[in-house]
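S.K.: There's a structure below that I have some questions on.
Each value in this text was obtained by applying a stated rule to the coordinates, not by laboratory testing. Treat the numbers as computed from the prediction; the structure is a model and nothing was measured. Cβ atoms come from the backbone with ideal geometry, glycine included; neighbour counts cover every protein chain shown.
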Amino acid sequence: MKLLHAPTSPFVRKVMAVIRELGLADRVAIEFNPASPLQRDPALVEHNPLGKIPALILDDGITLFDSPVICEYLAATAGDAALFPPAGPARWAALTQQALGDGLLDAAIANRYETVMRPQELRWAGWTEAQLAKVRGALDRIEALAPSLPATPTIGTITLGCALGYLDFRYADLNWREGRPAAAAWFDAFDARPSMAETRPRERAA
């Protein structure tokens, strides 16, 4: 298997953390792809017509995308029933937490595109505030959930951890920990897991 990857993508980080949690690192090759939202890469589009990462190319040439599908496939491949619990309340909780983390990331990345990639004279303050309102709402829900999050990692907690880590990486001035002590304490402990520590986002060396 081959994972098309960029070290700053939180959705790639989610897949990389799952790979480590499942002990599949020796079965997945990593190939860098910048996946610019402004310029389609023919090599990437060949595998994912959306031109997005992560994309997992299987040994038979089939490509899976994006992170929820890839992560569930990897868990099934490893025979794991912990990251994606079987049908029942624990499964729906984990999937809803994954959706919460992914939604936080969608809003944070949309705002980053607006404030970093769009020309200054075309930026829309109302859009920025709307996206950051989603981020703050997600953070408040994580604060409420933190005391009851399971000790055993699930796709939900991995996604929440990657979302909070992305805020540390790209939104340090947001100071998301302020007023959210439970979420902050949970994240500090969870982010120390080897699967998270080894996948923290970083700018790629030139």
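S.K.: Report the calculated FRET efficiency for Ala125 and Asn175 (r = Cβ-Cβ distance, R0 = 25 Å), to the nearest 0.05.
M.R.: Working: r = 20 Å, r/R0 = 0.80.
The calculated FRET efficiency here is 0.80.
S.K.: I need the trypsin sites (Lys or Arg not before Pro) found in region 85-155, filtered to DSSP loop residues with at most 16 other beta carbons within 10 Å of theirs. Walk me through the numbers before you get to the answer.
M.R.: Numbers: sites: Arg91, Arg112, Arg123, Lys134, Arg136, Arg141; in loops: Arg123.
Loop-located and lightly packed - Arg123.
S.K.: I would also like to ask the following. Mind sorting Asp102, Asp140 by how few other Cβ atoms lie within 10 Å of their own Cβ, fewest first? Intermediate values should be presented prior to the final figure.
M.R.: On the way: Asp102 21, Asp140 13.
The fewest-first ordering by Cβ neighbours comes to Asp140, Asp102.
S.K.: Which order results if Lys52, Lys2 are arranged by neighbouring Cβ count within 10 Å, fewest first?
M.R.: Working: Lys52 18, Lys2 15.
Ordered by Cβ neighbours within 10 Å, fewest first: Lys2, Lys52.
S.K.: Okay, next question. With runs of 4+ DSSP H residues as the only contributors, calculate the mean residue ellipticity of the chain at 222 nm using -39,500 (n - 2.57) per run, divided by the residue total and rounded to the nearest 500. Don't jump to the answer; show the numbers that get you there.
M.R.: Values: 8 runs with 104 residues, N = 206.
After summing the helix terms and dividing by the residues of the chain, the value is -16000 deg cm²/dmol.
S.K.: Something else about it: Show log10 I(q)/I(0) for region 64-111 at q = 0.17, 0.26 Å⁻¹, two decimals, from a solvent-free Debye sum over equal Cα scatterers.
M.R.: -0.56, -1.00
S.K.: Additional query: Given R₀ = 22 Å, FRET efficiency for Ala189-Ala90 by Cβ-Cβ distance, to 0.05?
M.R.: On the way: r = 20 Å, r/R0 = 0.92.
Efficiency, from the Cβ-Cβ distance: 0.60.
S.K.: Quick one: which residues, 5 or more positions from Ala55 or on another chain, have an amide H under 5 Å from its amide H? H modelled 1.01 Å from N in the peptide plane, none for Pro or chain starts.
M.R.: When sequence neighbours closer than 5 places are left aside, the close amide H contacts are Leu4.
S.K.: Scan region 24-126 for GluC sites (Glu not before Pro) in coil per DSSP, keeping those whose Cβ has at most 13 other Cβ atoms within 10 Å, and list them by number. Working shown, then result.
M.R.: Working: sites: Glu31, Glu46, Glu72, Glu114, Glu121; in loops: Glu46.
Those satisfying the criteria are Glu46.
S.K.: May I ask what percent, to the nearest 5, of DSSP beta bridges between residues of the chain are antiparallel?
M.R.: Values: 5 of 9 bridges.
Beta bridges within the chain, antiparallel portion: roughly 55 percent.
S.K.: With springs only between Cα atoms under 10 Å apart, run a GNM on the chain and tell me which of Ala133, Ala183, Ala43 wobbles the most.
M.R.: Ala43
S.K.: What ranking, highest mean first, results for peptides 19-26, 6-13 when packing means the other Cβ atoms within 10 Å averaged over each residue? Walk me through the intermediate numbers first.
M.R.: On the way: 19-26: 16.2, 6-13: 22.0.
Top to bottom by mean Cβ count within 10 Å: 6-13, 19-26.
S.K.: Given labels modelled 7 Å from the Cα in the Cβ direction, how far is it in nm from Glu114 to Thr152?
M.R.: Calculated label separation equals 4.0 nm.
S.K.: Continuing with this model, one more query. Per the Cauchy relation, a quarter of the hull surface: what is the mean projected area of the convex hull of the alpha carbons in the chain, in nm²? Don't skip to the end; give the middle numbers.
M.R.: On the way: hull surface 49.0 nm².
Its average projected convex-hull area is 12.3 nm².
S.K.: Same structure, new question: What ranking do Phe187, Phe32 get, fewest neighbouring Cβ atoms within 10 angstrom at the top?
M.R.: Phe32, Phe187
S.K.: What are the GluC sites (Glu not before Pro) within region 129-206 that DSSP puts in a loop, where the Cβ has at most 16 other Cβ atoms within 10 Å? Mind showing how you got there, number by number?
M.R.: Working: sites: Glu129, Glu143, Glu178, Glu198, Glu203; in loops: Glu178, Glu198, Glu203.
Sites meeting the loop and neighbour criteria: Glu178, Glu198, Glu203.
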